[in-house]
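Colleague: After the structure tokens below, expect a handful of questions from me.
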Amino acid sequence: MARAHPHDFAAGAPAKLRRYNRFVLDFALAALDEAELMSLLQRATESVAAGIEIERTKVMRCRAEERDLLVVAGVGWKPGVVGQATLPHGMRSPPGRTVETNAPVTIDDLPRDPEYEYSDLLRDHGIVSVVNVPIPVADSVWGVLEVDSTGRREFDRDDAEFLCGFAQIIGRTIENRRRAEEAQAIRRDLSIELRERDVLFNELHHRIANQLHAITGALEVARRRTTDASAHAELDRAVGRIAAMVATNRRLSLERVSREISLGAYLARLADGLARPANVQIVHSIDDAGVPLRVAVRLGLIVNELVTNALKHAFGKEGGRISIGFTAGPSEGVLTVADDGRGMQGARPGSSGTGLVESLTRQMRGRMAIDSSDKGTTVRVHFPLSAQASA
């Protein structure tokens, strides 16, 4: 029969408890060092299988929109299960009931238990007995940790608490990482805001400087002509020109400048100002286009990040070449940063080298593509050019 709250089970033997405590402690220490969440979840399933001495374990992540649980890590399952197989929400699904009740669910004989549906996944693997425990994150259930036995097995309270210990560590690790990511995002947004102000100031300074040069030239002409009576007329014309430029400056107000700037000039100045060692050449071919300031700043940060990564990892002592390109289509722009170095050597999207670029690309409602081999790496960022699409 099903048992949703296994708190009245008989206590296990001291030797088993000591083994369980050792496995939980070892996993807690590993969670402090494991960088990748998926690697941590896989390690959890392996440790649970070894500790509880069972052939199959899995971690399932709740997917709210799909109303199911996706198997994201596991031990003992056929190919194609981990990363693809799903189980339903709802009270007739063992992991679904765990999510709904936020409590452990233990089933001794699943095929004969009328309270639950016997899923094709578990039937295909001959599962008889299961224990599911929730993985809590903040005030919600992130997912479920489950152990599965092909033979009838009566799990006791110590088994359930052993699994709950792993689930608590997993949940706390996920929660801590979320908080760290949120703090990093806040710092990143502040950095972007400061960069936007800096770019805006430079743009305004550039426009005002051009106007002042024109005014200075006009006054200089008038000054050289002050030796005769026509000086007053010349000065009057100069004053009129100044007045016209003041009116123009009003039309180019701060609001307008902040909406759109020249991307070609901005990226060209940025590319020319990038620091690089003597054995690395940076070249650029950049079309011009008017884009919102927020888009230009994010593209500048992407260029800086990709060039920095290439300088750190792409080249040996012989150096190489980095190319920065931008092409503008009718509705979409494409930023390209390419190098002729050694390739990414196993790096993957979502790693520390590309995480910032992916985040900035999403903020522009764009998409990123990476092509890497032993002949070099090319990163392309596609993004909409219209202010509405990029907002």
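Colleague: Taking Cα centroids, how far is the stretch 19-33 from the stretch 100-128 in Å?
Modeller: 28 Å
Colleague: Once Lys and Arg get +1 and Asp and Glu get -1 on their Cβ, which of 282, 300, 356 lies farthest toward the positive end of the dipole of the stretch 261-390?
Modeller: The Cα lying farthest towards the positive end belongs to 356.
Colleague: Using the count of nearby Cβ atoms within 10 Å as a rough guide to exposure, how do 317, 16 rank from fewest to most?
Modeller: Exposure proxy ranking, most exposed first: 317, 16.
Colleague: Express in nm, to one decimal, how much length is gained between residue 29 and residue 138 on full extension, taking 0.36 nm for each residue of separation and deducting their alpha carbon distance.
Modeller: 37.1 nm
Colleague: Ok, one more. Sort the stretch 7-102 into rounded, prolate or oblate with this rule: let a ≥ b ≥ c be the square roots of the eigenvalues of the Cα gyration tensor; rounded if a/c is under 1.5, and if a/c is not under 1.5, prolate when a/b is larger than b/c, oblate otherwise.
Modeller: It comes out oblate by the Cα gyration axes.
Colleague: Could I ask something else about it? Which of the lysines could be linked to residue 16 by a straight reach, that is with a Cα gap under 22 Å, when you skip same-chain ones fewer than 8 residues away?
Modeller: The reachable lysines, counting only those whose Cα sits under 22 Å from residue 16, are 58.
Colleague: Suppose every K and R has +1 on its Cβ and every D and E has -1 on its Cβ; what is the size of the dipole of the stretch 2-182 about the Cα centre, in Debye to the nearest 20?
Modeller: 200 debye
Laboratory data are not the source of any read-out in this text; all were calculated from the coordinates shown. Predicted, not measured: the structure shown is a model, and the values here were computed from it. Glycine also receives a Cβ, built like all others from the backbone with ideal geometry; neighbour counts cover every protein chain displayed.
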